[in-house]
Amino acid sequence: MSRYQAYAEYKDSGADWFDSAPAHWDVKRISYFSQMRSGDAIVSEQIEAEGEYPVYGGNGLRGFTNNFNLNGDYVLIGRQGALCGNINYGSGKFWASEHAVVVYPFLDVNLKWLGETLRAMNLNQYNVSAAQPGLAVANITCLKVPFPKKSEQDAIANFLDHETAKIDLLIEKQQALIELLKEKRQTVISHAVTKGLNPNAPMKDSGVEWLGEVPAHWVVTRAKFISNIFVPQRNKPELNEESGVPWATMEDMKGQYIESTKNYVSSIAAKNAGSKILSSGSVIASCVGNFGVAAINCMDVIINQQLQAFIPTSIKAEYLRETVAMSKSYFELIGTAATLIYVNQQGFENLPVLIPPKTEQDDICKFIETESLNFTKLIARCEEAIKLMQERRTALISSAVTGKIDVRDWQAPN
C-alpha cells in the first residue's frame, strides 16, 4: 500500500480486529448507527433457477422467487452456513431469507462503506456453532468499527468501487484463461485418443458420428470386447474411517488415480452387505451424472452405486481411462433420465472404444501425461495469480476502511 499516504495522526481503537484509527475518526459500536434482523423463511420449493426476484440466503444468492420482502438498497450478511459472515448487497425488490441478516442503518451512512467495513471484519470468525456455523446478531452489533464522517465514508466507497472493480476484472480474465486452458487440454487429449500422434496416418470412417475419422489401422470396437463391466452391490455397507477394504466414491476421484479413500469397509460389514470387491487397475467411472469423470484404482476397493467400472482385458488402463473421460456426450445421450441421468451396465458395455497397437497406446499415454502436466502448471500459475489478487483486494479494503491509507483526495483516473 506504499503508493497511498497515511493519515497524519492515529489513536488506539480499543477494538480487537483493528488496532488504530485516524485521530479525528470516531470508533463506534455497530449498534450506535444500525440494527440487524434476520430475513423471512422461504422453502426450497419456492426458489427457482430463474425468476423475477433474487433470493439471498446464508451463502449469498440462492436463486429466484415470485415474491419479495424488501425493496431498496441493503447490506446483507450470511447468517448460517459454511460461508456465514459473507457480505452481499441487495438492491431493488428481493427476498432475504431467514439465513441472511439484513442491516438497517438509522443514521445517514454510505452503504458501500458499511458493507466493506463489515467485510473487512471477517465476521465468519464470530460464528457460534461448529456443527452448523452461524452468527448471533447480538454478538455482531456490539462490535466496534472505525466511524469516519459521511464525506470520508463516501470517499472510501468511491475509491473501493473503482479499485476493486479493476482487481475483479483482472480476476475474471484469469478465470476465463483457466477455462480456456481446460478446454484446450481436453481438446489435445481427445485428439490424441481419437486421431493418434501421427498426422500423416491414413484415416478411415469410424462409423461412430462423434468420433469421426480415425487412423485406418486402429480397431473400432466396444467396451464389452476389451473389458469386463463391474456393477457394485445394491446395499450400502457399514463404513468406518480406520481399516478394511477402501470405500471409493466420486469424492475420491479427484485425479487420474485413486490412491486413498476417506472410508473403509470391514470384512464383516462387506459380508453382511454382500459387497463385491473391485480389483486394482480398473477404470472406475460415474454412472449417475458427472459423466466423463474416471479414475484408476491403485488398490482393491468397494465402490458405491453411483459408480461402475471397466476391468481391462486387452487395453491399457490409462488409455481406456482417457477414452471414458472424453465420452461424456455418449453417456449423456444413452442415459435414462429420472432425477439424474443414469447409465446402466449395457450402456457401459456398448461404449465405443478405439484400439491402437499397444506401442501406440503407450506413446499416447506418455504424450497425454506430459501435456497434462504442462497445462496443470499453467493453470496453477493462473490460480496463484488469482490468489494474490484476492489477497490484494482484501488488504486494500481493510486499509481503506480502517484508515491505514488516506483516500480523501483520491480522484478516479480519466
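Where helices (runs of 4 or more DSSP H) fall entirely within the stretch 273-349, those with at least 1 residues that are hydroxyl-bearing (S, T, Y) and at pLDDT 95 or above are at 317-325.
The set of residues from the stretch 250-272 being assigned to a strand (DSSP E or B) and either more than 28 Å from the chain's Cα centre (by Cα) or without any contact (Cβ under 8 Å) to a residue 40 or more places away in the chain (or both) comprises N263, Y264, V265.
The sole residue among Y32, Y56 that is touching a residue at least 12 places away in the same chain (Cβ under 8 Å), within 28 Å of Q80 (Cα to Cα), among the aromatic types (F, W, Y) and surrounded by fewer than 17 Cβ atoms within 10 Å (Cβ to Cβ) is Y32. The set of residues in the stretch 82-108 that are crowded, with 20+ Cβ neighbours inside 10 Å and either touching a residue at least 40 places away in the same chain (Cβ under 8 Å) or not assigned by TED's automatic domain parsing to the domain that holds A136 (or both) comprises C84, G85, F94, W95, A96, S97, H99, A100, V101, V102, V103. If I ask for residues that are basic (K, R) and either crowded, with 16+ Cβ neighbours inside 10 Å or free of Cβ contacts under 8 Å to residues at least 40 places away in the same chain (or both), which ones from the stretch 393-411 would you list? Residues satisfying the conditions are R393, K404.
Candidates in the stretch 258-283 are the residues that are hydroxyl-bearing (S, T, Y) and crowded, with 16+ Cβ neighbours inside 10 Å; of these, the one that is farthest from E371 (Cα to Cα) is S266.
Sort out which residues of the stretch 350-381 are of a type in the set (A, V, I, L, M, F, W, C), assigned to a helix (DSSP H, G or I) and in contact (Cβ under 8 Å) with a residue 60 or more places away in the chain, and write them in order of number. Residues satisfying the conditions are I364, F367, I368, F375, L378, I379. Annotation: C142 fulfils all but one of (1) under 30 Å from H24 (Cβ atoms); (2) of a type outside the set (V, I, T); (3) within 29 Å of the chain's Cα centre (by Cα); the unmet one is (3).
When the strands (runs of 3 or more DSSP E) confined to the stretch 1-119 are screened for residues that are under 20 Å from L143 (Cβ atoms), those reaching at least 2 such residues are found at 10-12, 20-22, 26-29, 34-38, 70-78, 87-96, 100-105.
The values are calculated or read from the model by the stated rules, or taken from the named source; none is laboratory data. Owing to the predicted nature of the structure, the values given are computational and were not obtained by experimental measurement. Backbone-built Cβ (ideal geometry, glycine too); neighbour counts: all protein chains shown.
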